[in-house]
Amino acid sequence: MKLQLLALTKELNKTTEQLQLLELHETGINQSFDGDITPDEISELIRKQNRISHEIITIKRRIQKLNAKTILKAELIVLPILAILVFYVISNHYQPYTTDIPNNIKTRYLIENLQGTTDVVHKYWNLAKGTPLTVSIINPDHLSQDKIDVVKDAILSTNVMHIDNSLLNKSPSDGKSEYFEGWKGALSTINYTKFYVPTDFSIVESDTGPGQIVIILSNLEDPDGYSGYTRSIVDDSQILKSFITIYDADEITNNQLAAVVRHEFGHALGLPHTANPEDLMHATIQTDYPYISECDTTAIQSLYNNDTSNNGFCDTQ
Ligand SMILES: [Zn+2]
């Protein structure tokens, strides 16, 4: 290739030289036509000039093609290296479970007992073992099935993930913490409790909301800027019904929707807010990992054991 390029360049130089000589000759003719060169010879020179010009163009095109091939070759070598570098960078910095969450999602909840007081701390469902907890999803604004599926996943998923403690500001920093994407998976890890911890959820999409837990997906914006609100009705410590309202359900991202549903469903199961900002059950969801922690499941275990030494809070890291 290089030799060919060199030969072509030489040929080009030679042709250019010839052309220059010819041009000089022509200039001489124009300046002082002394009869040494006949008009036929001039025509011949012009033809020769045209031919050489044509050759130059051809050679230049060949050189251009050669250059293009060289660039292509360079690309073929460089591109895979770039691809490997990009893959390396991504694989070293990509955290599979990070989300677009940290928007400080505001939530609130309210517990009312039949006497109208609202200071109930310990509350839990008191279901016969193996009885499913019924959940109905009300969708008055006709949100897409995609959104409904996000809500269902936050309840039914059994996906487990392990996140490096170094990312969670937890100790030991070289360890990992287990998180669940859905309540079914998280609650299934609880072994023995005094009251039955629901692990079976029967979800229906219904406008009449027959479920024990009713989730309303609303497009309305809460005037106080809340994204989620849970109101539970209790009799003594027993939860009779929970209403979850998700505001702005079409505006928030699917990851945010999942986080709010996970949080509110935690309330519906009996969990209060935690003072730990790193936890899903913090009043303002601000963690980058808004999943159900071991701390949350331990809090549920305490509640369903009616263990009053632990208020069901998940304040420790
Ligand atoms: Zn809350």
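All of the numbers you see were taken from the coordinates with simple rules; none came from a lab. Bear in mind that the values here come from a model prediction, so they are computed numbers and not experimental data. Don't worry about glycine lacking a Cβ; one is built from the backbone with ideal geometry, like all the others, and counts go over all protein chains shown.
Only alpha carbons enter this Debye calculation for segment 105-304, each as an equal point scatterer, and the log10 of I(q)/I(0) it gives at q = 0.11 Å⁻¹ is -0.47. Note on Ala128 and Glu205: the model spin-label points, each 7 Å out from Cα along the C-beta direction, lie 3.1 nm apart. For the listed peptides 207-216, 267-276, 251-260, 170-179, a ranking on the average number of other beta carbons within 10 Å per residue, highest first, reads 267-276, 251-260, 207-216, 170-179.
Between Asp141 and Asn104, what is the FRET efficiency for a Förster distance of 22 Å, r being their Cβ-Cβ separation, to the nearest 0.05? So, using R0 = 22 Å, E works out to roughly 0.35. Over 19 Å apart at the Cα level, from the set Lys123/Lys194; Lys123/Lys147; Lys123/Lys152, are Lys123/Lys147; Lys123/Lys152. Between the beta carbons of Ser173 and Gln115, assuming R0 = 45 Å, the FRET efficiency works out to 0.40 to the nearest 0.05. Any idea how far the Cα center of segment 272-297 sits from the one of segment 219-241, in Å? When both Cα centres are located, 18 Å separates them.
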